Amino acid sequence: MDFHPDQGLTAFRQQVREFLHHNLPADLAGKPSASIRSALADLIRWQRILNAKGWGAPYWPQEHGGTGWSVLQRLIFDEECVAAGTPTQDGFAQKLLGPVLNAFATAEQKAAHLPAIFNGDRLWCQGFSEPGSGSDLASLRTRAERDGDEYVVNGQKIWTSYAHQADWIFLLVRTDAEAKKQAGISFLLVDMRSPGISVRPIHSIDGCHHLNEVFFDNVRVPVGNRIGAEGDGWKITKFLLNNEHATAADLPILRRYLLQLKQLASSQRVGTGALIEQREFALQLARFEAQVTAIAMLVKRVAAMEQARDHSPAAHALGSMLKVRGTELQQRMTEFMVEALGEYGAVAYPTPENLTLQALPLPAEDIARGIAMEMLFRRASTIYGGTSEVQRGIIAKLQFQL
Ligand SMILES: Cc1cc2nc3c(=O)[nH]c(=O)nc-3n(C[C@H](O)[C@H](O)[C@H](O)COP(=O)(O)OP(=O)(O)OC[C@H]3O[C@@H](n4cnc5c(N)ncnc54)[C@H](O)[C@@H]3O)c2cc1C
C-alpha cells in the first residue's frame, strides 16, 4: 500500500469538487436532516442530478451502467459529498441491492429494476431482520409457499429502515422449512403496494421515524421476482453483507464530526475565552484527530485489499475492525459534541420529519442544529450492519485463519 499522494486521485477529487460546486443546488446544500437519510424529495432530486451527469450509480462497474470508479475514488466521492453537504442517495439500492442485481439477476430483472434505481424512480428497503432473528439471521421464519407461478408470503420483518417511503423491498424468506436453516432461504423482490403488506412505524430514541415493522399476510409474489435459484438466499446474503468493508467506519462522517468540533472549539465561549483554551477539551480534540487519522489509514489499507479483490480472512477481519472502531468513535464524538455545546446540547431542533420535538425552544446558535439528534441516532450504529459484539466474534474467529 502506498501512502504517497496520488496525482490521479488528486485530480479526481478536484473534478468531483467542481461538479458539486456547479451542480449542487444551494437550497439542497448542507440542509439539516433529522436522520441519516435526506428528506425524500431532496434525495430524489439529487439522484436525478447525479444521473444526468452519468453518476447515477457511483459504486458500480461500468458494464452495469456505473461509473467504474476504483474503491479509493468512491471513497473520495463520498467524502466530497459529505463535505459539500449533498443530500444522501438510496443506500439500500446503491450499495446493497444494486451489486446483488448486477451479479445474480437475469437480464429481464435487470431491465425491470436498474433504470428506476439510476433515476431515483424506485426506492428500496431491506427486509432481513425479524423479531428473534437479527444477529442469527438464518433462523428467520417469514415463509414463502409456492402456489403455481407465485409465492404466498406470510410473516413479519422488523427494524425495516424507510419501509414507509420505499416502493419495493428486497426480502429474505424461508422457502424450504425442512432444509438446513441456511439452505432453505430465498431472496425475493416485492412491490410494497402488494395487497397484504402493512407497515407500522417504530419511533426511535432520536424522536424520528426511520424504522418500521412490516407485516406480510398472504402476499402474492411472482416467482419471476426471485433472485437466483430457490435456496440461494443465503449465498446472496453473504455476498451482499461482504460487499463493502472500506465504508464500514463511515469515515466521511467522522471527518465531518471533527470539523464540527473544530468549529465549536473557536465559536463556543467558556467565561471570556474560547472552548479550545480549555485543556481538557483541547486534549480530547487532539485524541479524536489521531483516532480519525488512524481509521483513515486503515480505510486506505482495506480499500487497497478490496481493489485487489482480496477476500482473505485478513480483509474480512479488518472490515469488522473498521465497523467496531468507526461506529464506537461516532458515538464518542457525538457525545462529546453535545457536552461541548453546554446548555444547547440538550436541545433538538424540530424538522418536518421530527414532529414530536416541535414544541422545544430553538437555540440561537446554528451550530447546535441536529447534533443532539445525531448523538441519539448514533447509539444504534453499533447495532445496525452487525453488532459490535458479533463483529468482535468475527475478528476472533478469523484470527485463527490468518
Ligand atoms: C437503526 C437501525 C436500523 C436498522 N435497519 C434495518 C433494515 O433496514 N433492515 C433490516 O433487515 N434490519 C435492520 N436493522 C436490524 C439490525 O440488523 C439488527 O438489529 C441487528 O442485526 C441485531 O439484531 P437484533 O436487534 O435482533 O439483536 P440480537 O441479535 O438479538 O442481539 C441482542 C444482543 O445480543 C448480542 N449477540 C447476539 N448474538 C451474539 C453472538 N453470537 N455473540 C455475542 N453477542 C451476541 C448482540 O450483540 C446484542 O447486544 C436495523 C437496526 C437498527 C438499530
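The values are calculated or read from the model by the stated rules, or taken from the named source; none is laboratory data. All figures in this text were calculated on a predicted structure; none of them were measured in a lab. FYI the Cβ positions are ideal-geometry reconstructions off the backbone, even for glycines, and counts take in every protein chain you see.
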**Message:** Go through (1) within 16 Å of the ligand (Cβ to nearest atom); (2) surrounded by fewer than 17 Cβ atoms within 10 Å (Cβ to Cβ); (3) more than 22 Å from Leu96 (Cβ to Cβ) for Gly207 and report which single condition fails.
**Reply:** (2)
**Item:** Condition broken by Val199, with the remaining ones in (1) within 13 Å of the ligand (Cβ to nearest atom); (2) of a type in the set (A, V, I, L, M); (3) touching a residue at least 60 places away in the same chain (Cβ under 8 Å) satisfied
**Value:** (3)
**Request:** Check Gly148, Gly85, Gly68 and return the single one that is under 30 Å from Glu18 (Cα atoms), at pLDDT 95 or above and away from the ligand (no atom under 14 Å from the Cβ).
**Result:** Gly68
**Request:** May I ask you to list the residues in region 82-109 that are more than 28 Å from Gly370 (Cβ to Cβ) and free of Cβ contacts under 8 Å to residues at least 40 places away in the same chain?
**Result:** Thr106, Ala107
**Request:** Please work out which one of (1) modelled with pLDDT of 95 or more; (2) crowded, with 20+ Cβ neighbours inside 10 Å; (3) within 24 Å of Gln165 (Cα to Cα); (4) not aromatic (Phe, Trp, Tyr) is the condition Val100 fails and give its number.
**Result:** (2)
**Asked** Residue check: is Asp167 acidic (Asp, Glu) and within 16 Å of the ligand (Cβ to nearest atom)?
**Response** yes
**Message:** I need a count of the residues in region 110-145 that are assigned to a loop (DSSP other than H, G, I, E, B) and either more than 16 Å from the ligand (Cβ to nearest atom) or of a type in the set (Phe, Trp, Tyr) (or both).
**Reply:** 5
**Only one of Ala249, Ala286, Ala229 that is of a type outside the set (Ser, Thr, Tyr) and touching a helix residue (DSSP H, G or I) at 6+ places or on another chain (Cβ under 8 Å)** = Ala249
**Message:** Any residue that is farther than 29 Å from Thr88 by Cα, touching a Pro at 6+ places or on another chain (Cβ under 8 Å) and modelled with pLDDT of 95 or more - is there at least one of those in region 106-126?
**Reply:** no
**Complete:** Contact list, first residue from region 14-28 and touching a residue at least 12 places away in the same chain (Cβ under 8 Å), second anywhere and of a type in the set (Gly, Ala, Ser), beta-carbon distance below 7 Å, six or more apart or interchain, is Leu20/Ala84; Leu24/Ala84
**Message:** Residue under question is Asp176, and the condition is that it be among the acidic types (Asp, Glu) and either within 16 Å of the ligand (Cβ to nearest atom) or within 15 Å of Ile236 (Cβ to Cβ) (or both); does it hold?
**Reply:** no
**Request:** Could you identify the single residue in Val214, Val153 that is over 20 Å from the mean Cα position of the chain (by Cα), modelled with pLDDT of 95 or more, buried (at least 16 other Cβ atoms within 10 Å of the Cβ) and within 16 Å of the ligand (Cβ to nearest atom)?
**Result:** Val153
**Asked** Any idea how many residues of region 273-285 are under 13 Å from Phe336 (Cα atoms) and among the aliphatic types (A, V, I, L, M)?
**Response** 4
**Asked** From the set of residues in region 238-289 that are farther than 24 Å from Asp78 by Cβ and buried (at least 18 other Cβ atoms within 10 Å of the Cβ), which is modelled with the highest pLDDT?
**Response** Phe281
**Fill in**
Note on region 162-188: residues surrounded by fewer than 20 Cβ atoms within 10 Å (Cβ to Cβ) and in contact (Cβ under 8 Å) with a residue 60 or more places away in the chain are Gln165
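Every residue, every condition in (1) within 30 Å of Ala84 (Cα to Cα); (2) in contact with a strand residue (DSSP E or B) (Cβ under 8 Å, 6 or more places away or on another chain); (3) in a helix (DSSP H, G or I), yes or no:
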residue: Val214; (1), (2), (3): no, yes, no
residue: Gly224; (1), (2), (3): no, no, yes
residue: Thr237; (1), (2), (3): no, yes, yes
residue: Ala248; (1), (2), (3): yes, no, no
residue: Ile253; (1), (2), (3): yes, no, yes
residue: Gln263; (1), (2), (3): yes, no, yes
**Complete:** Per the filter on region 166-193, residues in a strand (DSSP E or B), touching an Asp or Glu at 6+ places or on another chain (Cβ under 9 Å) and closer than 24 Å to Leu40 by Cβ are Trp168, Ile169, Asp191
